[in-house]
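Working notes for the structure below.
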Amino acid sequence: MIIATPEPTIDYQFVAGNLALDFANTADWHEAEQPVELLTSYSDLLRWGQQAGALDSDTADGLRQLAEAFPELAVDVYERAIVLREVVFRIFRLIARGEPARADDLALLNREVARAFSHRQIVADPDGMGWRWHWTDQDAALDGPLWVVAESAATLLTGGEPSRIRQCAGDPCGWLFYDTSRNRRRRWCSMEVCGNRAKARRYYQRRRDISGN
């Protein structure tokens with residue numbers, strides 16, 4: 001069971017180097033027996049999307065109003081978001097461990113990818129000399145925030161380097177990240193958090209060994 005955090009608002013951390021992995025990290029201490037839930041409502045999902053740069057303020061405001069008009073649908077999308085988050089976490093945790101993803105998890109991810117790409121179109125730039133992908137009606141679809149997560153996960157699976165997908169060595173942190181370091185030896189989700197915590201543990205253990213206590 002994931003315990004909901006009591007804070008009404010959260011400044012989310014983005015340390016993974018990949019949007020889908022950052023979404024997987026919206027449960028704190030993910031490998032603990034009782035992880036801490038950082039997404040407790042549809043409003044949190046929108047807040048995360050804004051902080052991640054996946055939603056602009058106008059789109060988020062529009063979706064917030066839509067959620068107020070259709071609260072039951074917003075709850076359904078929130079529940080889908082948690083399912084997707086856990087699917088992404090399980091898939092990439094196994095990859096980080098050098099193991100294949102489960103077929104049922106890939107099926108669930110593919111379902112969200114199919115939903116997302118049904119809203120994907122190629123549009124011309126204003127000058128007509130270039131083209132780009134564009135989300136259609138993202139500001140009118142409550143599940144719009146899930147589209148970018150599904151796309152990011154699919155892109156990482158098909159175009160990323162599996163050996164760069166890692167899980168934080170801090171136990172029971174569990175956060176995932178994409179290691180872009182030159183020597184590929186990054187161990188921590190954040191040196192300032194888990195890295196320093198591990199250094200402190202080693203320091204106090206050495207002090208205890210020296211003192212014999």
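The values are calculated or read from the model by the stated rules, or taken from the named source; none is laboratory data. On a predicted model such as this, the values are computed, not experimentally measured, just so you know. Here Cβ is always computed from backbone atoms with ideal geometry, including for glycine, and neighbour counts include all displayed protein chains.
Exactly one condition in (1) surrounded by 18 or more Cβ atoms within 10 Å (Cβ to Cβ); (2) closer than 18 Å to Pro172 by Cα; (3) in contact (Cβ under 8 Å) with a residue 60 or more places away in the chain is false for Glu31; which is it?
All conditions are met except number (1).
Identify all residues within the stretch 155-177 that are under 16 Å from Arg90 (Cβ atoms) and either acidic (Asp, Glu) or surrounded by fewer than 18 Cβ atoms within 10 Å (Cβ to Cβ) (or both); write none if there are none.
The answer is Pro162, Pro172.
Take the conditions surrounded by 14 or more Cβ atoms within 10 Å (Cβ to Cβ), closer than 25 Å to Trp188 by Cβ and either more than 19 Å from the chain's Cα centre (by Cα) or at pLDDT below 95 (or both) and apply them to Thr59. Does it pass?
no
Working only within the stretch 44-56, note down all residues that are surrounded by fewer than 19 Cβ atoms within 10 Å (Cβ to Cβ) and either farther than 23 Å from Trp175 by Cβ or in contact with a Leu (Cβ under 7 Å, 6 or more places away or on another chain) (or both). Working first, answer last.
Here is the first cut: in the stretch 44-56, the residues surrounded by fewer than 19 Cβ atoms within 10 Å (Cβ to Cβ) are 50-53, 56.
Within the stretch 44-56, Ala52, Asp56 meet the criteria.
Just give me the residues in the stretch 148-184 being in contact with a Phe, Trp or Tyr (Cβ under 7 Å, 6 or more places away or on another chain) and without any contact (Cβ under 8 Å) to a residue 60 or more places away in the chain, in sequence order.
Once the filter is applied, which keeps residues that are in contact with a Phe, Trp or Tyr (Cβ under 7 Å, 6 or more places away or on another chain) and without any contact (Cβ under 8 Å) to a residue 60 or more places away in the chain, the stretch 148-184 yields Arg164, Cys168, Ala169, Gly170.
Select from the stretch 119-140 the residues that are out of contact with any helix residue (DSSP H, G or I) (no Cβ under 9 Å at 6 or more places or on another chain), of a type outside the set (D, E, K, R) and assigned to a loop (DSSP other than H, G, I, E, B) and write down the one among them that is surrounded by the most Cβ atoms within 10 Å (Cβ to Cβ).
Of everything passing the filter in the stretch 119-140, Thr136 is surrounded by the most Cβ atoms within 10 Å (Cβ to Cβ).
Within the stretch 185-192, identify whether any single residue is out of contact with any Ser or Thr (no Cβ under 6 Å at 6 or more places or on another chain) and touching a residue at least 60 places away in the same chain (Cβ under 8 Å), and answer yes or no.
yes
How do the pairs read when you match residues in the stretch 72-84 that are closer than 11 Å to Leu45 by Cβ with residues anywhere that are charged (D, E, K, R) and crowded, with 19+ Cβ neighbours inside 10 Å, using Cβ under 7 Å and keeping only pairs 6 or more apart or on different chains?
The qualifying pairs are Val77/Asp143; Arg80/Asp143; Leu84/Glu112.
Please name all residue pairs, on different chains or six or more residues apart, with Cβ atoms under 6 Å, provided the first residue is in the stretch 38-62 and is without any contact (Cβ under 8 Å) to a residue 40 or more places away in the chain and the second residue is buried (at least 18 other Cβ atoms within 10 Å of the Cβ) and assigned to a helix (DSSP H, G or I).
Listed by first residue and then by second, the contacts come to Gln50/Ala60; Ala60/Leu46.
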